[in-house]
Amino acid sequence: MALSYNITEPGRKAPLAAGGAAIVSGAMMALAFPDFNAWPLMWAAMVPLFMALRGKSPLHGALIGFLAGVVFYGVTLRWIINTITVYGHLPLYAAIPVQVMITMAAAFYTSLFGYLFSVVESRSSEDYAFAAAPFIWVAQEFFRSNFFDLAFPWAKLAQSQAPFLTMIQMADITGEDGLTFLIVTVNIALARILVCATEQPRGGKAGFPVRWAGAATLMFAGALAYGVVKLNAPEPAGEPVRVAIIQGNIDQARKWDRSYIMPQIQIYTGRTIEAARRGATLVIWPEAAAPFYYGQEPGGDAIIDNLVKDTGAALIFGAPAYDQGPDSLVEYNRAWVVRPDGFREYYDKLRLVPFGEYVPMKRALPFIHRVVTAIGDMEPGSTVKALDAGGFKVGLQICYEVIFPQFSREIANKGAGALVNITNDSWYGVSPASRQSLAMGVFRAVENRLPLLRAAQSGVSAIVTPKGEIMAQTPLFVETTLYGSFVPAKSNGTTYSLSGDIFAWICVMVTFAFAGRHLLARQGYK
């Protein structure tokens, strides 16, 4: 009975109750993501947080938001430390601070949410703050995902709903942000109902939040109705392409061992020959599957070129590359399309992994590079492009490029008929990271209404339809070949692919309007 009282009333127990509520919210949000997969929880996960924020000063609101964020991101991103020790080769004593830094950097944005919520509430009313909350949350996620050297769009609330196919169809209009907005709105309505239930006399109806409940119900029902229509829309017409995705499951510790180069090549070439025998016309290998500089080593070139010519199947694969820079060799993370007719084309990865493929902020903070000298220092590519796979174009995304929706959108607008994500997820280890990344790939497919083909070195490899349905996927750390088919899309684009993040920018502008008005009022301006 006393939930709202303990959290909002003054007294020694109030800070403990608010802190406990923030921890509960952070934990519930984390449980909605893979591998816990309790995604329905997200629709109520923020209720304790909103109850805790009521009546708090901006400073206390910031602390509550920060605590919720530390728990949420600390649990959801717990795989990072393994990634930067195995893949980035950082010693544990350096990796732990990086894990803490990333968690706290992400939690800073939820702290900002708590601060702005409390600013708005303290200068107007609780209702006004609740009305601002969905806009503020989307705005802080948008800033976390798109700006500065460590932009990181992982663990946005909407991503937890990838299994909820009917609901995620709205992503072709608003991207992930519209669904996040709806999730926050539903949580607000539930919080308002809880306030009514705990603070109104038993049987009283005057305080029931009819407007909040009604608005949330209408928005939720509208999104469901739109999803039903989209899921029942006819499938795209066209000749299906038979595809084989090869998951080599190469031991990461031996991948670049010169004595192990031929055995791993034989794994991929043998499975490619078998795939062609089974009718595949497109074969996809993962990121850096070719352990040599294709296009720069005649021996390696002959292996690939003869394989493609003999099988008659187009091949997409990853390989390292280098170029002569002004002072030294420059390395690239490269993906190739090689066709039986001799045509070949490549794409160099644009979005490099911080603390894995390059050192962020090394110019501003040169000491960082001296501390983490084991980290690779690759150069990004220069152009977003769709590559010709023979009769249709593919938009290649290497590794975590798939988590950036704007990047997939750019490729879609260049005429891609399918998105192809090649990745080496073995450095995630046995963790939820690969499945979390796949969930983001599901949104890329829906946002652009393109099939997504994901080839992961150790899993999860998958085939995703333009409606976000995972048609087939592989387990982690198993050598296997995934077979399927897809129809390359031939469309004029979606609302999202054509207009981009307009919805998110609207939320940003509304947030500035809410916050600016009340921060100015604090300074004595009317």
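The values are calculated or read from the model by the stated rules, or taken from the named source; none is laboratory data. Not measured: the values here are computed from a predicted model. Here Cβ is always computed from backbone atoms with ideal geometry, including for glycine, and neighbour counts include all displayed protein chains.
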- For region 265-298, how many residues meet the condition of being surrounded by 24 or more Cβ atoms within 10 Å (Cβ to Cβ) and either in contact with a Lys or Arg (Cβ under 6 Å, 6 or more places away or on another chain) or outside the structural domain of LYS255 (by TED's automatic domain parsing) (or both)? 1
- In region 207-232, which residues are loosely packed, with under 12 Cβ neighbours inside 10 Å and either within 30 Å of LEU282 (Cα to Cα) or touching a His at 6+ places or on another chain (Cβ under 7 Å) (or both)? ASN232
- Among the candidates GLY295, GLY248, GLY300, which residue alone is of a type outside the set (A, V, I, L, M), over 23 Å from VAL460 (Cα atoms) and touching a residue at least 40 places away in the same chain (Cβ under 8 Å)? GLY295
- Message: The conditions are (1) modelled with pLDDT of 95 or more; (2) surrounded by 16 or more Cβ atoms within 10 Å (Cβ to Cβ); (3) outside any loop (DSSP other than H, G, I, E, B), and ILE261 fails exactly one of them. Which is it?
- Response: (1)
- Task: Would you check if there is a residue in region 377-388 being modelled with pLDDT of 95 or more, farther than 19 Å from SER499 by Cα and surrounded by fewer than 18 Cβ atoms within 10 Å (Cβ to Cβ)?
- Result: yes
- Within region 451-481, restricting attention to residues that are touching a helix residue (DSSP H, G or I) at 6+ places or on another chain (Cβ under 8 Å), polar (S, T, N, Q) and surrounded by fewer than 24 Cβ atoms within 10 Å (Cβ to Cβ), which residue is farthest from ASN421 (Cα to Cα)? THR481
- Of the residues in region 75-117, those that are aliphatic (A, V, I, L, M), farther than 19 Å from MET29 by Cα and touching a residue at least 60 places away in the same chain (Cβ under 8 Å) come to ILE84, VAL86, LEU90, ALA94, VAL98, LEU116
- When residues of region 47-99 are limited to those that are more than 22 Å from the chain's Cα centre (by Cα) and among the aromatic types (Phe, Trp, Tyr), the one nearest to ALA17 (Cα to Cα): PHE50
- Pick from ILE246, ILE265, ILE303: which is under 26 Å from the mean Cα position of the chain (by Cα) and within 24 Å of LYS349 (Cβ to Cβ)? ILE246
- Criterion violated by ARG334 - all others in (1) at pLDDT below 95; (2) part of a strand (DSSP E or B); (3) basic (Lys, Arg) satisfied: (1)
